[in-house]
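Read the figures in this text as sums done on the coordinates, not as results from a lab. Since the model is a prediction, treat every value here as computed from it, not as a measurement. When we count neighbours, we look across all protein chains shown, and the Cβ atoms used for this are built from the backbone with ideal geometry, even at glycine.
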Amino acid sequence: MKVARTALPDVLLLEPKVFGDARGFFFESWNAREFAAAGIRAAFVQDNHSRSSRGVLRGLHYQIEQTQGKLVRVIAGEVYDVAVDLRRSSPAFGRWIGVSLSAENRRTVWIPPGFAHGFLVVSDTAEFLYKATDYYAPQHERTIAWDDPDLAIEWPLNGPPVLSAKDRAGARFRDAQTFA
């Protein structure tokens, strides 16, 4: 597995070793030893799978308690994936990164606890998988506005995004609950 550090501390971009031939391909999407060697020592308790259409933007989500580390990847289509550092003690507080994840590039991103996460579907449809280190707790979930002017995320939009009511009502970054 190839591990690349990103501009945000602790957020890692992972590229698996893919073995392919005329029959198709094979790769390990999770191997505790390999990921621990890369610095990811996580115990996952929940796997999530979503399917969305072009232009759907989900996020920016996080849980203020029962914080979740997320290992995310796309198995069909393509998304623009974003992580925002919400740790006030971090030199990268309030900064974001965006990466393309697709079934074709087979990249995985590790987003540790303390970050908000979101993605925009840029293909006709996309299927998105994420492993989480804690259970979904709606009472602790928070949403930051995807278009917050202080964050100034450069989403690759071709028109207005398709948003849930929760995402339309996201808080401004300056008003959001964050982490120590």
**Asked** Taking 0.36 nm per residue of separation and subtracting the Cα-Cα distance, what length does fully extending Thr125 through Ala22 add?
**Response** 34.5 nm
**Asked** For the chain, what's the relative contact order in percent, using C-alpha pairs closer than 8 Å and at least 6 residues apart?
**Response** 29 percent
**Prompt:** Length gain on complete extension for the stretch Ser100 to Asp47, per 0.36 nm per residue less the alpha carbon to alpha carbon distance?
**Reply:** 17.0 nm
**Prompt:** Which distance in nm do the two modelled labels at Lys2 and Arg168 give, with both placed 7 Å along the Cα-to-Cβ direction?
**Reply:** 4.2 nm
**Prompt:** Hey, in the GNM for the chain with a 10 angstrom Cα cutoff, which one of Val99, Val109, Val74 fluctuates hardest?
**Reply:** Val99
**Asked** Once you sort the root eigenvalues of the Cα gyration tensor of the range 124-171 as a ≥ b ≥ c, which label holds: rounded (a/c under 1.5), prolate (a/b larger than b/c) or oblate (the other case)?
**Response** oblate
**Request:** May I ask you to give the average projected area over all directions of the convex hull of the Cα atoms of the range 90-180, in nm² rounded to one decimal?
**Result:** 7.2 nm²
**Message:** Report D for the chain in µm² per second (integer): Stokes-Einstein, Kirkwood Rh on Cα pairs, 4 °C, 1.567 mPa s.
**Reply:** 78 µm²/s
**Request:** Please list 76-84, 160-168 highest first by mean number of surrounding beta-carbon atoms within 10 Å per residue.
**Result:** 76-84, 160-168
**Message:** I want to check the label-to-label distance for Asp175 and Asp150. Put each point 7 Å from Cα in the C-beta direction and report it in nm to one decimal.
**Reply:** 1.1 nm
**Message:** Through the Karplus equation 6.51 cos²θ - 1.76 cosθ + 1.60, θ set to phi - 60°, convert the phi angles of the range 86-100 into ³J(HN,Hα) values in whole Hz; use x for Gly and Pro.
**Reply:** 10, 8, 4, 7, 8, x, 9, 3, x, 8, 9, 10, x, 9, 8
**Prompt:** Of the peptides 110-117, 143-150, how do they stack up when ordered by the mean number of other Cβ atoms within 10 Å, highest first?
**Reply:** 110-117, 143-150
